[in-house]
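Undergrad: I am attaching a structure below and will ask some questions about it afterwards.
The values are calculated or read from the model by the stated rules, or taken from the named source; none is laboratory data. None of the values given here were measured: they were computed from a predicted structure. Every residue, glycine as well, gets a Cβ built from its backbone with ideal geometry; the counts of neighbours run over all protein chains shown. Only protein heavy atoms, including side chains, enter the accessible area calculation; ligands, DNA and RNA are left aside. Shrake-Rupley method; radii C 1.70, N 1.55, O 1.52, S 1.80 Å.
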Amino acid sequence: MRYLVSGGAGYVGSHLVLALLDAGHEVVVLDDLSMGHRAAVPTSAEFVQATLSDRARVQEIFSAWSFDAVFHMAALSLVGDSMKEPLRYCRENVANSLFLAETAARAGCTKFVLSSTAAVFGVPREVPITEEAPTTPVNPYGLSKLMVEQALAWAEGAHGLRSAALRYFNAAGADPAGRAGEDHDPETHLIPRAILATLGELPPLHVFGTDYDTPDGTAVRDYVHVADLAAAHIAVLPRLDQGSVRYNIGNGAGHSVREVMAAVERVAGRPVPHENGPRRAGDPPALVASSARLRAETGWTPRFAELDQIVRTAWDWHAAQPNGYRARAAA
Ligand SMILES: NC(=O)c1ccc[n+]([C@@H]2O[C@H](COP(=O)([O-])OP(=O)(O)OC[C@H]3O[C@@H](n4cnc5c(N)ncnc54)[C@H](O)[C@@H]3O)[C@@H](O)[C@H]2O)c1
Ligand SMILES: O=c1ccn([C@@H]2O[C@H](COP(=O)(O)OP(=O)(O)O[C@H]3O[C@H](CO)[C@H](O)[C@H](O)[C@H]3O)[C@@H](O)[C@H]2O)c(=O)[nH]1
């Protein structure tokens, strides 16, 4: 099979590309490298450096190749930035996604997998969060993804485009073989920030909020290993033969910021330098997935379900290349 991965030079995308190549598929990566890294894309994948807002380039890609499915990961995805630039977030994420989906459908591609997010749920009334939970985003990032999900839901009847909306919870960890890892600039995610602070590569970690209504007062998230996330994408593809789907993807276990710091300390064998601070705007107190539907319908199950396993792969990646892909690019 041949697949297009938009955003395939990014964190989650690079791990999906590895999983697809490992399974023997052909992969074309479309990425503008605004956040991703050329060195994150294996040489056995085709690479097209282009932005999704360059409509002519996107159409050229569909003229040059035919695809069995599109995995659409390229997006603006920082909650904090989305609070500052809500219109840009909605415009970019919605317009680019819908143009890509429309172009795919016109080219005869009938399967479209959207990287959606737990942020579509806002502050949930109940955890774990099922696919039936109300979708009431509390930040423009979550709203932009929800708008794309809703538009795609109309595309099946009208254009025959079947879609999978995959609501990732918190992607974490690195390729267990060390081929890829997380490298954002700026890095905003908790686990890499805690690790890089411990390695002395970043200033002490700021704990965003210690007064949440959670067991230890810090916010709770569901950390899912990025290789398990990649495997879920492959597992859902056959479901699209029967129609569009949406799945929540997490481990089903919540961990607080303090628990994550404790896991980093166990793996690193030394304390995480940190300071307590105020809450970050747009952060819900607790997000934990029910992935029962995904497990039941696809047989997917996480291989790296323990927080320490997840942190260990991330630690190994950062300890081996504290400057991320820059060292690889220079090599
Ligand atoms: N990381 C997470 O925990 C998480 C959680 C939920 C959802 N998601 C979603 O998963 C997807 C991937 O997330 P990630 O953490 O890998 O992000 P990332 O920033 O590492 O990767 C996104 C990639 O898309 C590229 N890109 C961005 N805008 C583009 C454009 N207009 N044209 C072409 N390429 C463009 C970037 O260069 C980057 O390589 C995103 O859609 C994100 O919203 C991520
Ligand atoms: O330096 C930091 C960074 C994060 N946190 C806290 O750690 C938790 C996790 O924060 P991340 O930034 O790692 O992840 P988010 O939960 O904010 O966001 C991630 O998951 C969301 C859905 O759950 C979105 O999809 C988003 O794209 C993705 O980055 C949050 O409670 C946050 O407040 C800190 O205390 N200090």
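Undergrad: Grab the other residues whose beta carbon is less than 12 angstrom from that of Ser290, score K and R as +1, D and E as -1, and report the net.
TA: -1
Undergrad: Per residue, how large is the accessible surface of region 83-147? Use a 1.4 angstrom probe and give square angstrom.
TA: Counting only protein heavy atoms, the per-residue value for region 83-147 is 45 Å².
Undergrad: For the pair His25/Arg295, report the inter-label distance in nm, with labels modelled 7 Å from Cα in the Cβ direction.
TA: 2.4
Undergrad: May I ask for the distance between the Cα centers of region 155-203 and region 234-256, given as a whole number of Å?
TA: So the two Cα centres are separated by 16 Å.
Undergrad: Going 7 Å from the Cα of Met83 toward and past its Cβ, which residues in region 183-202 have a backbone nitrogen under 16 Å from where you end up?
TA: 188-190
Undergrad: Going 7 Å from the Cα of Ala158 toward and past its Cβ, which residues in region 111-146 have a backbone nitrogen under 20 Å from where you end up?
TA: Inside the label zone: 111-115, 144-146.
Undergrad: How large, in percent, is the carbon and sulfur part of the accessible surface of the chain at a probe radius of 1.4 Å?
TA: Carbon and sulfur together cover 51 percent of it.
Undergrad: Starting from 0.36 nm per residue, how many nanometres of slack lie between Glu102 and Asn276 once their C-alpha separation is accounted for?
TA: Going from the current span to full extension adds 58.0 nm.
Undergrad: Taking 0.36 nm per residue of sequence separation and subtracting the Cα-Cα distance, how much length would be gained by fully extending the chain between Arg91 and Arg179, in nm to one decimal?
TA: 28.3 nm
Undergrad: Cα convex hull of the chain: mean projected area in nm², to one decimal?
TA: Computed as one quarter of the Cα hull surface, the answer is 15.6 nm².
Undergrad: Binning at 10 Å from 0, report for region 94-241 what percent of all alpha-carbon pair distances ends up in each bin.
TA: 9, 30, 35, 19, 6, 0
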